[in-house]
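The values are calculated or read from the model by the stated rules, or taken from the named source; none is laboratory data. The structure presented is a predicted model; accordingly, all values stated were derived computationally and were not measured. Cβ sites come from the backbone with ideal geometry, for glycine too, and all protein chains shown count toward neighbours.
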Amino acid sequence: METATNILEAVSAFVWGPAMLALLLGTGLYLTVGLRGMPIRRLGYGFRRLASGRRADETQRGDITPFQALATALSATIGTGNIAGVATAITLGGPGAVVWMWLTALVGMATKYAEAVLAVRYREVDERGRYVGGPMYYIKNGLGGRWTWLGGLFAVFAMVAALGIGNTVQANAVADVLESNLAVPVWATGLLLAALVFTVIIGGVRRIAHLAERLVPTMAALYIAGGLVVVALNLPAVPGALGQIVGDAFTGTAATGGFAGAAIWAAVRYGVARGIFSNEAGLGSAPIAHAAARTDDPVQQGTVAMLGTFIDTIIVCTVTALVIVLTGTWTSGETGASLTAAAFGAGVPGGNWIVTIGMVVFAFTTIVAWSYYGERCAEFLFGVRAITPYRYLWVALLFVGAVAKLGIVWTIADILNALMAVPNLIALLALSGTVFAVTRRHFAGGQATPAGRPH
């Protein structure tokens, strides 16, 4: 078993190595340049589209509102990466790692935009009359039938990865938090979690979206507000903290190693890796949710989708980072969620509970959103008959995840998470011309490109 674990960890280190990070960043940079910086320049436009997208437009096709699509995508991304990922990046790469998270997000906005544009453009209507899409569909319908195998490969990787990173490991995190803080038995957490998730996912994407649009903004706002309280209490120290974050990005100071002057590469490596882990730009998960949006304009949904990366990393991750740096806890020896909890606790009385509750709620919403991602991949591979069995398997594995030791599952899920990005990035690069063309036409005032078509 130890040999197998070592092999898997070596594979994980390889697939998440410099080549993968360069591919993810390079794709985002290429799309940013090809779009002439549109995602950054049109940030205000995206927020206006988000505001208008709260209401359902019955004249347009889709199953959920554009706002619900973004909330569903955010429910899968806001969570462990924002709480534990930022802390780990700072511990291993120093405060400067945050700058590289920011840069990853800025180019990741273009990636997320392109994913959503293609997801809506090439989506299909399944046998139940539901709109389905994502990398597997824009590979099949955009690149042509001879590339369907590549879409199938993405679906296999994503479906199995969902059972790990979106299911068992999230259940395990919730069980661990509740047992440590409230002495709740892990089996009780497993049963309760399975029951709650079942009541949501059995209602399909519309019930998931309704939950997401209420729970995610509320919990995110509470978490951000708690962090801003800490920032406000330490306001005179904020310029110094920001200066340390920016300065360390080019000097490479890390909490580990006794300030021996860790290489700048540590800040780059952990900042980029944790940034991508947090916002999932390029992995191909979020476009599965955006494909269900009620819209006839792929570009409009793309501008809403790109906000997910901005909110997740530029806003939420920055709040976490500031709290950790301002309170000085990043040198305490703690790491991960424990470091973030310690930082909030040091910044404001009871602040550690903000992190504890946030971990539980964010993990729950992640479970619900990833169930939809995995379900759509199962449907692509096996048809609509696979939906119900997949849902039951999903619920059963939640209990297993809550009570089991999952070290090796984390590693496998991490590998599959990287592998699912490869087919998606190939498609994004191959179809980038389509993304650039429909974007130019849209902002030049031309006719919008039709969104999807029945198959």
Do you know which residues across segment 162-173 are modelled with pLDDT of 90 or more and in contact with a Leu (Cβ under 8 Å, 6 or more places away or on another chain)?
-> LEU163, ASN167, THR168, ALA171
Evaluate segment 373-389: report whether one residue or more is under 20 Å from ASN279 (Cβ atoms), among the aromatic types (Phe, Trp, Tyr) and at pLDDT 95 or above.
-> yes
Taking segment 398-408 and keeping residues surrounded by fewer than 21 Cβ atoms within 10 Å (Cβ to Cβ) and either in contact with a Ser or Thr (Cβ under 9 Å, 6 or more places away or on another chain) or assigned to a helix (DSSP H, G or I) (or both) leaves VAL400, VAL403, ALA404, LEU406, GLY407, ILE408
Could you name every one of the helices (runs of 4 or more DSSP H) located completely within segment 1-104 that has at least 3 residues being surrounded by 15 or more Cβ atoms within 10 Å (Cβ to Cβ) and in contact with a strand residue (DSSP E or B) (Cβ under 9 Å, 6 or more places away or on another chain)?
-> 66-77
Select from segment 196-211 the residues that are more than 19 Å from PRO389 (Cβ to Cβ) and of a type in the set (A, V, I, L, M) and list them in ascending order.
-> LEU196, ALA209, LEU211
Might you check whether a residue that is under 23 Å from the mean Cα position of the chain (by Cα), modelled with pLDDT under 95 and among the hydrophobic types (A, V, I, L, M, F, W, C) occurs anywhere in segment 303-310?
-> no
Determine if segment 109-128 includes at least one residue that is surrounded by fewer than 24 Cβ atoms within 10 Å (Cβ to Cβ) and assigned to a helix (DSSP H, G or I).
-> no
